[in-house]
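What follows is a single structure, written as structure tokens, with notes after it.
The values are calculated or read from the model by the stated rules, or taken from the named source; none is laboratory data. Here the structure is a predicted model, which is why all the values come from computation and not from measurement. Neighbour counts are summed over all protein chains in view; Cβ atoms, including those assigned to glycine, are modelled from backbone coordinates with ideal geometry. Only protein heavy atoms, including side chains, enter the accessible area calculation; ligands, DNA and RNA are left aside. Shrake-Rupley method; radii C 1.70, N 1.55, O 1.52, S 1.80 Å.
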Amino acid sequence: MERVRTAVLISGRGSNLQALIDAAGDAAYPAEPALVVSNVAGAAGLARAEQAGIATCVLPHRDFPSRAAFDAALHELLESYGIALVCLAGFMRLLGPRIVADWEGRMLNIHPSLLPAFKGLDVHRQVLDAGVRVSGCTVHFVTADLDAGPVIVQGVVPVLPDDDEERLARRVLSVEHRCYPAALGWLATGRVRLQDGCVRYRDVPSRDIWISNPEV
Ligand code: GRF
């Protein structure tokens, strides 16, 4: 089976990258992480990629005169590695409209809230301050607006009375690591696609489009 060459873009720890690497450890998984790009030198996720024998590249955004120049270099890099799909996994850098359009329907992001609630940064703090009783994560297609693209899968966890940001983050991460491999696998096999701004599913059971984890 020809696996779909996928790039994972990171800025830090890379636990979602690890979940994708682990999923690809199964020969039947349809996507292959073929390149890991970090905009931060020394990001811990780079070591995970190296450990797994995946090509890595550091593209420090400060080396580029503009966002457009950074995006152009990134696009060129992805093309040069024959990349077909891109996963943003804790990539803390906004991408401009041009590269987002170039990869429309082929670029995913994961966000640690139930979008469209709690976009942006300090998500778990926002959730705790709002006093909501459920949170989770969202894997969505990347569009020009931040954290706003069409949703593919969401993971749901409770927010417990004695949670702090760290505990909640840990619980949300546990569903992130299940949601991202699922979404990428569906995209790689064409079971999920973006059509006219909406997500279309084929042969994805409705019970699989959300995942819950009640564990503390
Ligand atoms: C995750 O919570 C992800 O949802 C968010 O950034 C965090 C990255 O964590 N976009 P990791 O680097 O994958 O461990």
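Averaged over its residues, segment 110-216 has an accessible area of 49 Å² per residue, based on protein heavy atoms and a 1.4 Å probe.
At 1.4 Å probe radius, can you tell me the per residue accessible area of segment 1-103 in Å²? Mind dumping the intermediate values first?
Values: 4760 Å² over 103 residues.
Spelled out: the 1.4 Å probe surface of segment 1-103, per residue, equals 46 Å².
For 215, 176, the ranking by accessible surface with the largest value first comes to 215, 176, using a 1.4 Å probe.
Helix 15-24 and the long axis of the chain differ in direction by around 70°, with both axes built from C-alpha atoms. The string of couplings for segment 56-69 from the Karplus curve (6.51, -1.76, 1.60, θ = phi - 60°) is 10, 8, 9, 10, x, 4, 5, 6, 10, x, 8, 4, 4, 5 Hz, one whole number per residue in order, with x for Gly and Pro. Computed from phi, the 3J(HN,Hα) profile of segment 198-204 under the Karplus parametrisation 6.51, -1.76, 1.60 (θ = phi - 60°) reads 10, 7, 10, 10, 9, 6, 10 Hz, with x in place of Gly and Pro. Directionally averaged projected area (the chain, Cα convex hull): 11.8 nm².
If R0 is taken as 22 Å, the Cβ-Cβ distance between residue 198 and residue 93 corresponds to a FRET efficiency of 0.25. Heavy-atom surface analysis with a 1.4 Å probe gives the chain a carbon and sulfur content of 51 percent of its accessible area.
Within the chain, the longest segment free of exposed loop sites, counting trypsin sites (Lys or Arg not before Pro) that fall outside DSSP classes H, G, I, E and B and have at most 13 other Cβ atoms within 10 Å, spans 1-132. Ordering 126, 168, 75 by the projection of their Cα atoms onto the charge dipole of the chain, which places +1 on the Cβ of Lys and Arg and -1 on the Cβ of Asp and Glu, puts 75 at the extreme positive end. Multiplying the residue separation of residue 102 and residue 215 by 0.36 nm and removing their Cα-Cα distance gives an extension gain of 36.8 nm. Against the chain, whose longest principal axis is taken from its Cα atoms, helix 165-188 shows a tilt of about 50°.
How about segment 1-101: which GluC sites (Glu not before Pro) there lie in a loop by DSSP and see at most 16 other Cβ atoms within 10 Å?
On the way: sites: 2, 50, 76, 79; in loops: 2.
When the GluC sites (Glu not before Pro) of segment 1-101 are filtered for loop state and at most 16 Cβ neighbours within 10 Å, 2 remain.
Extension gain, residue 26 to residue 134: 0.36 nm times the residue separation minus the Cα-Cα distance gives 35.7 nm. Scanning residues 5 or more positions from residue 91 or on other chains, those with amide H under 5 Å from its amide H are 11, with H placed 1.01 Å from N in the peptide plane.
Calculated FRET efficiency, residue 79 to residue 3, Cβ-Cβ distance, R0 = 25 Å: about 0.85 to the nearest 0.05.
Mind checking the dipole of the chain: about its Cα centre, +1 per Lys or Arg Cβ, -1 per Asp or Glu Cβ, Debye to the nearest 20?
Numbers: 21 positive and 25 negative charges, 48 e Å.
With only Lys, Arg, Asp and Glu charged at Cβ, the dipole is about 220 debye.
For residue 170 and residue 55, FRET efficiency with R0 = 30 Å and r from the beta-carbon atoms, rounded to 0.05? Efficiency for this residue pair is about 0.50.
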